1. Once the other residues with Cβ under 11 Å from the Cβ of B:Thr159 are scored (Lys, Arg +1; Asp, Glu -1), what is the net sum?
2. Between A:Ser318 and A:Leu262, what length comes free when the chain is fully extended (0.36 nm per residue of separation minus the Cα-Cα distance, one decimal in nm)?
3. Which order, highest average first, do B:85-92, A:325-332, A:3-10 follow once you tally other Cβ atoms within 10 Å for each residue and take the mean per peptide?
4. Shape of the protein assembly as shown from its Cα gyration tensor (a ≥ b ≥ c, root eigenvalues): rounded if a/c is under 1.5, otherwise prolate when a/b > b/c, or oblate?
5. Dipole of the range A:128-226, Cα-centred, from +1 at each Lys and Arg C-beta and -1 at each Asp and Glu C-beta, to the nearest 20 debye?
6. Using the Cα gyration tensor of the range B:210-287, with a ≥ b ≥ c the square roots of its eigenvalues, what is the shape: rounded (a/c below 1.5), prolate (a/b larger than b/c) or oblate (neither)?
7. Near B:Leu230, within a Cβ-to-Cβ distance under 10 Å, what is the net charge of the other residues, with Lys and Arg +1 and Asp and Glu -1?
8. Which value in nm describes the separation of the simple spin-label points at A:Arg11 and B:Gln90, placed 7 Å from the Cα toward the beta carbon?
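Values quoted throughout were computed directly from the atomic coordinates according to the rules given, and no laboratory measurement underlies them. As the structure is a prediction and not an experimental result, all values here were calculated from the model. Glycine also receives a Cβ, built like all others from the backbone with ideal geometry; neighbour counts cover every protein chain displayed.
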Amino acid sequence: MLITGFIAELRSSGIPVSMVEAIDAARALRHTDLSDREMVRASLGATLVKDARHWDAFETAFEVYFGLRAPGPGAAATRDGADAALIGGFGGGAAGEADLDALVDALFRALRDEDDALLQAVVRRAVAGLSGWEPGRPVGGAYYLYRILRRLDVDSVRARLLDQASSPGFSPLEERLAVEELDLQIESFRSRLRAEIRARLVADRGAGLVAATLRRPLVEDVELSTATREELAAVERAVHPLSRRLAVRLARRRRRGRVGRLDVRRTVRRSLSFGGVPADPRFRPPRPGKPEIVLLCDVSGSVSAFARFTMQLVFSLSSQFSRVRSFAFVDAVAEVTGFFGPGADFGEALQRLGSEARVVGFDGHSDYGAVFGQFVEHHLDAVTPRSTVIVTGDARNNYHDPNLPAFERIAGAARALYWLDPERHPFWDTGDSVIGRYAPLCDRVIEVRNLRQLEAFVEQVALPVARPVRRAG
Amino acid sequence: MNEGPAAVAAALRGRGYLADDRIAQVVHLARRLEKPVLVEGPAGVGKTELAKALAGAYGHRLIRLQCYEGLDESKALYEWDYRKQLLRLQADRGRAWEEVEPDIFSEQFLLARPLLEAIRSPEPVVLLIDEVDRVEVETEALLLEVLSDFQVSVPELGTITAVGRPMVVLTSNNTRELSEALKRRCLFLHIGYPTVEREREILLARVPELPESLAEQIARLVRSIRAHPLRKPPSISESIDWARTLLELGVSDVDAEIASGTLHVLLKYRADIERIEESLAAEGPGG
C-alpha cells in the first residue's frame, strides 16, 4: 500500500513515526478530500510529522510518493497538444531550435504575466524535450535540471524580465521589491522543474529507489566535516534556536533541584506565625557555580566548520558560563575571544578571525605540538583550576612532534579537559592522527560529528552536577 | 459537504481569522478525530488567535490555561477549597468525622481550575493551553490524561469524565522539545509566515479602513524584510501594527524614508532596525 511505503520512507529518513501516528494518519485520510493533493499533504503532515525541523524531509518524501503521476498515453497526447497550443510554434517531437525559441518566449510570457497554466506547460515541455532524458539512468534530478536551465538560458530571460519590471515611474524601493519577487518566481519555476523531473524519475524507477537517492540527513544529523554549503547554511540556521532552547533548559535545571543554605532571617520571621516555632524553614535560592570555559579550536581546512559551530554554540550560551575564552589555531595559536563580543554578528566575527587572527605561523598545516607549546608559553594563565578546557580537532598532526609534556601541563592546570574529535571513531589513529597519544591525558575524548552530539556534549559540560570530579594527578 | 475544511475556513473567516487550506484541514481533522491540535510557530503569527476564533466561530466558550514555569496541579486541574472546608467543619462541630468527611470532600468544595472546568462543562468549550513549552516536563505529564482520555482523576471523588469532548488547542513557541508522549496525542500544525496574498487579506480583514493598495505594499515590504537574517523577523501581529501606524499617520504610499522612520513598530531589536535601515538606504536609483 502506498501509505505504508510512505511511512517506511519517513522512518528511513530519520523521522520517528509511531504506530499510533500511522493509525491516526490512516484515520485522518478518511476525512480528507483525496482528490486534493494539498489536503492529503496537510492531513499526513499533521498526523505524522511533529517537529517543524522534519518538514523538509517530509515534503521530499511526499513529492516522491504522492507526486503527480504521468497520465496514460491517450491523455498524455491530448495534454501535449494542449501544451503545444498554449506555448505556440511547436511542431511536436524533439525540440528544434525554433521550438526552443518558442519555449523560451513562453517562459518569458508566463513569468511576466504570472500565468500559471502556461508556466506548467513550459515545465512539462522543457522536461520532455530539453533534459536529454535517459531512461533507467541512476541519477538524482540535479543533472537534468542543470541541463534544462542551461538550454533555456534562464539568466537572459531574467535579464529581459528585469528590463520590463523597472519602469521609469518606479521608486527605487518598488524596483527592488519587483526584482526580489522576480527572483522568487524564478525559484518557483526551478522547484516546479524539480518536481516534474522527480515525477518522471518515479515513473521510471519506482518511488522507493528515487526516495533513497533524494534522502538527506536531518539537520541535526548532518555530518559537519563533509557537509555541503547548503547543508552548512541549514545547520547555521538551526544553531540559534537550538542554543536558545538549550539555554532555557540549562537555566531551569540549575534553578531546580538542590535547595540552598538555610535563610535564618526569613525562617525566624516566619516562625512568628507559629508562636516562635521554626515550623517552616526557609532556604536561600541555590546558586551553583557556573563553569568557566576555555575553547581551543583547530580551524584548519576540514575541521573548520566543526570548530565554528562549537564556538557559535558556546558563545550563544555564554550566559550559562561564568567566563568563556577562546583560542583558534592551525599551526600557531591566537586568542579570538574579543571577536565574539555581545551583539557581534557571528558571520562577521568569523571573517575577522580568518583575516586578522594570526593562526597560521609556518605553512598552514595543523601542528598540534607547536600550538600546545605556544599556548603553554603565552596563555597558560587563561587556564585555572576552575576552567574546563575543550579542544576541538582531528589531531591530524602532519607527522609533527605531538609535544605531550606541553599538553600535560594544560591538562594539569585545568579542572577538566575534553577533546572533541569530528572524525568517525574508526579513523582515529590512522595516518597522521595522534588522538590516541593525547587521549590518556584528557578526561574524555568524544566523537562529535553532528549537531545532535554537540548539543548533548555542551549540555553535559554546562551542568554542574554532570561534571566529573577532578581526577588525581 | 457542509462540514469540510471549506466550511471551517468560512466559519473562521466570519470571526476575522483567515485560515489557509492547511490550517482549515487540520482544524477539520481535529474536530472529526476529536484530537487536540498542537500549534507551533514564531511569536505573533496567530496561534492563540486561532483558538479564540474557533471558540467564536462555533459559539463555544473559551477556557484558557496560560502555562508558566512552576504551574502545578492546583493551578491547572483542581484544588480543595480548604477555607470553606474549615468553615464547614466549624459549623458542624460535634458531628462524628465519619459523617462529615464525605460532606467536605464533595464537588461543592472543589475549586475547578481550567482543565477540570473544561472537562466538566456541560456546554461545548474550546480549551486553549497556551505556551505549553513553558511548563516543566514533569508537569506536562499532568496534561496527558486530560488530552488522551478527556478525564481527570480526583482521589477523593473518583474519575470525572468529559460530558462532551472539548476541542483542545495547545500552543508552543518551541523554547524546548515537548515530550514524545504529548506530541503523539496531538495533531501538529506549524504556522509560519504567510504568503504575500494571504498577509494582504489578513491586513484588510483586521484593519478594515486600510486601502487595498497600501495593504499590498505593506505585505510585499514585510515579505522582503523577512528575507533578511534578523533576530526577530516581523510577524503578522507586527505588520498589523505597522498598517495601523501608517494609517494613523495618513500615509497612502510607503517609500523608503517612511519605512525607515516607522521600522521600530515592525522590529524589536536595535541591530535588526539598523540592518534594515541600511538596506533601505543602500539602494541608489537604478540599483
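1. Result for the neighbourhood of B:Thr159: -2.
2. Once the chain is fully extended between A:Ser318 and A:Leu262, it gains 17.2 nm.
3. The peptides rank, most packed first, as A:325-332, A:3-10, B:85-92.
4. It comes out oblate by the Cα gyration axes.
5. Dipole size: approximately 620 debye.
6. In terms of gyration-tensor shape, oblate.
7. That works out to +4.
8. Result for the modelled spin labels: 6.4 nm.
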